[in-house]
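These notes are about the structure you will find just below.
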Amino acid sequence: MTAPTADTAGHRQPFRTNWGGRLAYVALVAYVIYAGSHLGFSWDRFVSGIGNGGHFVARMFPPAWDRWGLLADGMIESLQIAILASFFGVLLSLPVGLLAARNLMPVWVTWPARGIIALCRSFHPIIIAILFVKAVGFGALAGVLALIVGSIGFVGKLFAESIEEISLKQVEAVRATGASFSGVLIMAVQPQVLPRFIGFATYQLDSNLRNSTMVGIVGGGGIGATLFTAYQRFDFDFVLSILIVTVAMIMAAEVLSGWIRKTFQ
Amino acid sequence: MNAVTGTMTGSAQDARSLVIRDLVKEYRRGQPVLRGINLTLPGRGMTAIIGPSGTGKSTLIRCINRLVEPTSGQILFMGQNLAQLRGRQLRAARRRIGMVFQEYNLVERLTVMENLLSGRLGYVPVWRAWLRKFPQKDIDRAFELLDAVGLGQYATQRADALSGGQRQRVGIARAIMQEPDLILADEPTSSLDPKTSVEIMDILSALAGERDIPVIVNIHNVELAKRFAQRIVGMTGGKIVYDGPPDGLTDEDLRTIYGGEDWLNDRADG
């Protein structure tokens, strides 16, 4: 009775044995061990790292607020980058996402639209920011453009997917009334996807806020440049005050976007 | 054809008759679901199409408003061959054909009133629909219809808050909002309990009857078909095998339509 094999005692096997899955687990564990040994991690390095880290953290206290003007300017610029990038990114994602939705559009339209999305998604915002800094020069414009591209890649794909998940029965009913394609979009598609669109747009605002504090490192404007300079000058107390304000801003945005999502459910 | 108005009287009923000639639909080449349907329906009253599942009843009525593309054949209605319309003309024809669905197909996140007014999308410019600035006479009609189907106080409720029977009433009201010259009903009672089914058929036949709109209804329940329709069309295997009054439908005919005979013996239980 306790034997797990299929044939004993005439039991029929309810599930098929998944040899492929088992093999994949074994391969994954083996690779993790191999990669760890190959990259030369050692316990000594870890311990000394903790010591360095502790020293570094100790130098951060107390946070320095004497350069609050610089901090505020950077923060405000980051906020502006994030809001502008989210607004235009989401706006451009609407048509791109619609064109990429395979249930409403023919293949020869979805294919190029999906190509654009894939291209926008393939690079980290920082890499795109480097390109735009080269193209349009240092400053917030480069940051905004980089984050717009990133937003299209992310939100466009999510928009397309949520359009593909709508109930076509509702679409069919509205089409049967003699509605035009745009009529179907506003009365059958939009009501089904709007709450999710709002959700994705607010997530993207969150994400752009985080990224906007970073594009400055490569010259894309915002608090990132200030943060990077502070690091390089070993002004760790000023670094801490920047980090505190950044965290506070992102948490505030989180609360705000949660509230927006709730009202549009 | 756009000039046809809602005021239909007397001889205009002939204009609402529907003629289907040699209608064939193949979803896959060489495997026809409809094998040459020929049917002439009068411009008034209710016609019930009965037949086993998968025999093409749904496909037939979806070919009429072109939610399904016919492979070949003609569908003549109001002086047009519906099978050949395109674009704007097709939409203009569709708005004169109301449709009621098995699973109601209401837009769940819209209110009952918005669902009714979506029946006017063939008439109202999109920007007005988007801003919800529908003409006052459409809104008045919507309220009248809601009262007529007994949902007067539900106008601002979301469709997904309603029960099945209530949703189907909204579905019928939406079809009537189109001021149609024909109503297609695809299994309108199949998702409902027996009592609600009768109520829904009552409402459908009353609202259409008052306006003299012909109705074509696909229906599984033979008893309901006999009770409400003035004409029965029996289909099996993509062909019409019975076409006549409900009284003329014999057990022999039902055997031809559905096959077998054991099920006829305990039909009274259903």
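The values are calculated or read from the model by the stated rules, or taken from the named source; none is laboratory data. Quick caveat, the model's predicted, so the values are computed rather than measured. Note that each Cβ is placed from the backbone with ideal geometry, even for glycine, and that neighbours are counted across all protein chains shown.
Those residues that are part of a helix (DSSP H, G or I) and facing chain A (nearest Cβ under 8 Å), I need them from the stretch B:91-119; list them, please.
Selection gives B:R91, B:A92, B:A93, B:R94, B:E114, B:S118, B:G119.
Since B:R95 meets every condition but one in (1) surrounded by fewer than 20 Cβ atoms within 10 Å (Cβ to Cβ); (2) among the charged types (D, E, K, R); (3) out of contact with any strand residue (DSSP E or B) (no Cβ under 7 Å at 6 or more places or on another chain), which condition does it not meet?
Unmet for B:R95, out of (1) surrounded by fewer than 20 Cβ atoms within 10 Å (Cβ to Cβ); (2) among the charged types (D, E, K, R); (3) out of contact with any strand residue (DSSP E or B) (no Cβ under 7 Å at 6 or more places or on another chain): (1).
Across the stretch A:120-170, what is the number of residues that are within 14 Å of chain B (Cβ to nearest Cβ) and assigned to a helix (DSSP H, G or I)? Before you say what the answer is, go through the steps one by one.
Here is the first cut: in the stretch A:120-170, the ones within 14 Å of chain B (Cβ to nearest Cβ) are A:162, A:165-170.
Those left that are additionally assigned to a helix (DSSP H, G or I): A:162, A:168-170.
Residues flagged as within 14 Å of chain B (Cβ to nearest Cβ) and assigned to a helix (DSSP H, G or I) within the stretch A:120-170 amount to 4.
Just one of (1) in contact with a strand residue (DSSP E or B) (Cβ under 8 Å, 6 or more places away or on another chain); (2) within 8 Å of another protein chain (Cβ to nearest Cβ); (3) touching a residue at least 60 places away in the same chain (Cβ under 8 Å); (4) more than 17 Å from B:A173 (Cα to Cα) trips up B:F77, so point out which.
(2)
Residues that are modelled with pLDDT of 85 or more, out of contact with any strand residue (DSSP E or B) (no Cβ under 8 Å at 6 or more places or on another chain) and aromatic (F, W, Y), at least 1 per element: which helices (runs of 4 or more DSSP H) completely within the stretch A:1-109 meet that?
Correct list: A:19-38, A:68-100.
Which pairs have Cβ atoms under 6 Å, sit 6 or more apart or on different chains, and link a residue in the stretch A:184-199 that is over 20 Å from B:K133 (Cα atoms) and more than 9 Å from chain B (Cβ to nearest Cβ) to one that is buried (at least 18 other Cβ atoms within 10 Å of the Cβ) and of a type outside the set (K, R)?
From the stretch A:184-199, the pairs are A:V193/A:S162; A:V193/A:I163; A:R196/A:S162.
When the stretch A:19-57 is examined, which residues are found to be in contact with a helix residue (DSSP H, G or I) (Cβ under 9 Å, 6 or more places away or on another chain) and without any contact (Cβ under 8 Å) to a residue 24 or more places away in the chain? Steps first, please.
If we filter the stretch A:19-57 for residues that are in contact with a helix residue (DSSP H, G or I) (Cβ under 9 Å, 6 or more places away or on another chain), which is where we start, we get A:56-57.
The answer is A:V57, and nothing else.
If you check every pair at least six apart or on different chains, which have Cβ atoms under 7 Å apart with a residue in the stretch B:18-32 that is in a strand (DSSP E or B) first and a residue that is aromatic (F, W, Y) second?
Correct list of pairs: B:L18/B:F77.
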